[in-house]
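Have a look at the structure below, then the notes.
The values are calculated or read from the model by the stated rules, or taken from the named source; none is laboratory data. The model shown is predicted, which means the values in this text are computed figures rather than measured ones. Heads up, the Cβs are rebuilt from the backbone with ideal geometry, glycines too, and the neighbour counts pull from every protein chain shown.
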Amino acid sequence: MTDELDIAHFEQVLNQQLDEWLQLEETRADSTGVVKLDQTSTGRLSRMDAMQQQALAKDRAARAKLEITRLKAALERCRDGHYGYCVDCDEVINPRRLELNPTALRCIRCESEAGN
């Protein structure tokens, strides 16, 4: 049934997205470090702003890590012949769904039954 899906196309899409997330993660690595007080700004608000920026950067880093994990798992499924099959019912996931979410694990029916 994998001939219904263009696995090479989806593998290319997944690799492209993985590269983008890895680049983002690399460029954001500096923003999650120790909060340094901007000496040109004074007071408690500048420190609070810096801490808030750090928290946002950490949230973005966590999301990037999750997306990278999902993309790597999808690429592994491409390699082992399981990509594009629902993990619950083992039916082929609609290619249009995979275009929108190439890391999808479930078909629309099983995803809605799972309540996600």
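When the residues of segment 66-106 are narrowed to those that are β-branched (Val, Ile, Thr) and touching a Phe, Trp or Tyr at 6+ places or on another chain (Cβ under 9 Å), which ends up farthest from GLU25 (Cα to Cα)? So the residue we want is VAL92. Across segment 100-112, the qualifying residues are those that are in contact (Cβ under 8 Å) with a residue 12 or more places away in the chain and either part of a loop (DSSP other than H, G, I, E, B) or not aliphatic (A, V, I, L, M) (or both), and the one among them that is surrounded by the fewest Cβ atoms within 10 Å (Cβ to Cβ) is ARG109. GLN54 falls short on exactly one of the conditions (1) in a helix (DSSP H, G or I); (2) at pLDDT 95 or above, and that condition is (2). Of all residues in segment 10-17, none are surrounded by 13 or more Cβ atoms within 10 Å (Cβ to Cβ) and modelled with pLDDT under 90. Scanning segment 58-82 for residues that are within 14 Å of LEU18 (Cβ to Cβ) and in contact with a Lys or Arg (Cβ under 9 Å, 6 or more places away or on another chain) yields one hit, ALA64. Considering only residues in segment 74-90 that are without any contact (Cβ under 8 Å) to a residue 24 or more places away in the chain and part of a loop (DSSP other than H, G, I, E, B), the one that is farthest from PHE10 (Cα to Cα) turns out to be CYS89.
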